[in-house]
Structures are given as structure tokens and as C-alpha cells.
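In what follows, a single structure is set out as C-alpha cells and then discussed.
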Amino acid sequence: MKGKTACADLDQSKVDQFVERLLSDSATVMHGLLCYVGDRLGIFSAMAKLDTFTLDQLAAATKLNQRYLQEWLGSMVAAKYVDYDASKKTYCFPKEHALPLADDSFPYFFGGIFQQIAALAKVTPQVAESFKTGKGVKQDQYSADLFEGIERTSGSWYKNQLIQNWLPTMPDVIQKLQAGAKVCDVGCGCGQAAIVLAKAFPKSEVLGFDNHDGSLERAKQNATTSGAGGNLKFQVIDCTKLPSQQFDLITAFDVIHDSVAPVDLLKSIQQALKDDGTFLMVEMNVSNDVAENISDMGKLLYSISTLYCMTTSLAEGGAGIGALMGESKARELAIQAGFREFRRLPIEDPFSALYELKP
């Protein structure tokens, strides 16, 4: 893609390369919205059940309008998500592509990400206004799509990682949970982590606390659907005012960086633990130095942070830390809150960093 520039001292090849990059990024944004359509309407799931297929066959399988499917498939072929045989006019959805696009049990399923993209696009104009005022967009101004998308994204992590890989790095905690412990999941959202814990450790009492009514209603529905037992309860509560010295284990999954008052929240967690209790803090596996986040992951997370994490905190007059606080900031907050021990757990995960804190 060539274009002449007015300034003679510019490197034309660098201009051309950057224009190509802009085209690629713009195409990715638009294509992501069609991926949301494919996920929402079950097109990815339908293709995953077919081998080689024609447009007619996909229309029959999905009961969707053929003309729309044809245009949608064009985007999927152009993006190399779907293979196309021009001579036979047939399509093929590779099994390797179906895993992250159609299988919500896969650890790195992306359906929830596409759902978040569509939801965040709706509030982008409001976030843009916040650049002028320094305020923010309140949580209740986001659609249910966002919270369901977050649930679907993180839910696959908890189902595949929490019991299998994360908790075994804290054997003393496992022993307590097996014997029967009192557990609190702070900022539990739609309840996926709390449900996993309650089902894995039926002798333990698990409480899910959050201040968002809509998420807790969904959490209760999820608990019923999952078959979780009577050892799990959800409650609307201000988590900066937790009951004192009640819990053997408190968890917070990608919550602290969103908090309006992170130090107050951590102080509340610290005093809510028993003397020998443990706080498991899970945050994004990133740095607080932008120079170390120059990657697709950094691009994704800075965008989500601006459009949700940071702005919802600032909307309440909060700290507005954002999603990319990194280990050094997490440690700093823990010290301010009075925790005596802070340890990063030996977990290699592309998305999550886990910290074990002791009161």
C-alpha cells in the first residue's frame, strides 16, 4: 500500500509499513465483531460438527439466512479461520481452530473475549467523554454481555487450572479445604471460581461476595445449573467491610486492580483472615512498565483496562489502577494493607499471575 507524503525527511517505507499495520488492526477489530456474531449464533459450533461443507449445508445446519452466512464466511476465509476450496466451493473449519472458537471447555476459549469486544464497543463514546472530565463510566452502564463475556473467559481458566494446577502450589491450603475450611471469594462476579471450589471441597463452606446485583443473580443461576451443593452461598456485600478473623482462605480473581479503594479492600481481607489464613490474589501476568508490555497481550489488556477496569474505578472517585499493575504494584499494595508475607506462586500461565499473602 503506497502513498506519497509531504515531508521529505520521512522514511516512506516506514510510513507504508505502518499504514499496512493500521489496515491489519482495523480489519481485526471489524472481524472481531463478526466473530462475536459467529459465537452468539452458534455458527462456530455448527461448523465444528461438520467436515467439509457447502454454504447450503451450513445454512441448513444453523437455520440462518444464506446470504448473511456467505458474507460472514467471506470474512472467516479472508482471515484464514476457515479454509476454502474454490474449485469445489466448499469450506472446512480446521479442528485446531475449532478448539478456541467453539469449545468453551478449552482453557483458552475466545468466545467470551468476542462478547466483551461487542459490549465495550457500546460504551466507547462514553469513555471518550471521560478523557475530558477525568471521571469515568459506572459499572451499571455496561450491558449484561460484558459480564457474561468475562464469566465465559475466566470460567474456562478456573475449570481447567484452579484445582488442577493453581491450588497444589499451596499444599497447606489444600489440606484445610479437604478437612473443611471457611472460604470467601471476594468480587466473585458470576461465581465460576466459587462454584469450582465448592464442588471440589464439599466439606468446606464457600461464600461468594460481590457488590454487583446482576452478577450475583447470574452466580446463583450458575450454581443451580452446575449442581453445586449447599456449602455454597452468594451475598451482596461491601467487601471493604468483611467480618473479622472469619476465613481460612480468601480469594480474589482479577479484582484488586478494578477496586475503587484497593488498599482499603486489602486491609479488609487481611483482617478477615484467621491468624493462619491465606489470601490468594490472582492478577494479570503483566508488568507495570509499559516497555515490558509491548505485545499483543499488552495491546489487548491496555484497551480493556481503559474501556472498563480503570474507568469504572475512576467513575466512583477511585484509584483507577487498571489491569496492568504487575507484581511490584501488587506487592506495594499488600505491604500498605499490612500483610506480613507476599509470595508469587510458581505458576507458568500466559494470562494469570498468582500471589499468596499471609496476614
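Identify, please: which residue in segment 76-114 is at pLDDT 95 or above and among the acidic types (Asp, Glu) and is, among those, surrounded by the fewest Cβ atoms within 10 Å (Cβ to Cβ)? Among those that are at pLDDT 95 or above and among the acidic types (Asp, Glu), it is GLU96. Scanning segment 303-313 for residues that are within 26 Å of ASP25 (Cβ to Cβ) and either touching a His at 6+ places or on another chain (Cβ under 9 Å) or not hydroxyl-bearing (Ser, Thr, Tyr) (or both) returns ILE304, SER305, LEU307, CYS309, MET310.
Yes or no: segment 199-209 includes at least one residue that is assigned to a strand (DSSP E or B) and either crowded, with 24+ Cβ neighbours inside 10 Å or outside the structural domain of ILE269 (by TED's automatic domain parsing) (or both). So far as segment 199-209 goes, yes, one or more of its residues are assigned to a strand (DSSP E or B) and either crowded, with 24+ Cβ neighbours inside 10 Å or outside the structural domain of ILE269 (by TED's automatic domain parsing) (or both). Using beta carbons and a limit of 6 Å, which pairs, at least six apart or on different chains, have the first residue in segment 278-300 and closer than 16 Å to ALA252 by Cβ and the second one hydroxyl-bearing (Ser, Thr, Tyr) and surrounded by 15 or more Cβ atoms within 10 Å (Cβ to Cβ)? Once the first residue is closer than 16 Å to ALA252 by Cβ and sits in segment 278-300, its partners that are hydroxyl-bearing (Ser, Thr, Tyr) and surrounded by 15 or more Cβ atoms within 10 Å (Cβ to Cβ) give LEU280/THR251; MET281/TYR355; VAL282/SER352; ASN285/SER352.
Each row is one residue, and each column tells you yes or no for (1) of a type in the set (Lys, Arg); (2) more than 15 Å from LEU64 (Cβ to Cβ); (3) surrounded by 13 or more Cβ atoms within 10 Å (Cβ to Cβ); (4) touching a residue at least 60 places away in the same chain (Cβ under 8 Å).
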site: LEU10; (1), (2), (3), (4): no, yes, no, no
site: ASP16; (1), (2), (3), (4): no, yes, yes, no
site: ARG21; (1), (2), (3), (4): yes, yes, no, no
site: SER24; (1), (2), (3), (4): no, yes, no, no
site: ARG40; (1), (2), (3), (4): yes, no, yes, yes
site: MET47; (1), (2), (3), (4): no, no, yes, no
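Just one residue in the set ILE150, ILE195, ILE174 is of a type outside the set (Ser, Thr, Tyr), more than 14 Å from the chain's Cα centre (by Cα) and crowded, with 20+ Cβ neighbours inside 10 Å; that residue is ILE195.
Residues checked against (1) surrounded by 16 or more Cβ atoms within 10 Å (Cβ to Cβ); (2) more than 13 Å from the chain's Cα centre (by Cα); (3) among the hydrophobic types (A, V, I, L, M, F, W, C); (4) closer than 18 Å to TRP157 by Cβ:
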site: MET281; (1), (2), (3), (4): yes, yes, yes, yes
site: ASP289; (1), (2), (3), (4): no, yes, no, no
site: ILE294; (1), (2), (3), (4): no, yes, yes, no
site: ILE304; (1), (2), (3), (4): yes, no, yes, yes
site: THR312; (1), (2), (3), (4): yes, yes, no, no
site: GLU316; (1), (2), (3), (4): no, yes, no, no
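On the given criteria, is ALA261 crowded, with 17+ Cβ neighbours inside 10 Å and modelled with pLDDT of 95 or more? Outline the logic, then answer.
On the way: crowded, with 17+ Cβ neighbours inside 10 Å: no; modelled with pLDDT of 95 or more: yes.
No; evaluated as a whole, the condition is false for this residue.
The values are calculated or read from the model by the stated rules, or taken from the named source; none is laboratory data. What you are looking at is a predicted structure, and each value in this text was computed from that prediction instead of being measured. Cβ coordinates were reconstructed from backbone atoms using ideal geometry, including for glycine residues, and neighbour counts include every protein chain displayed.
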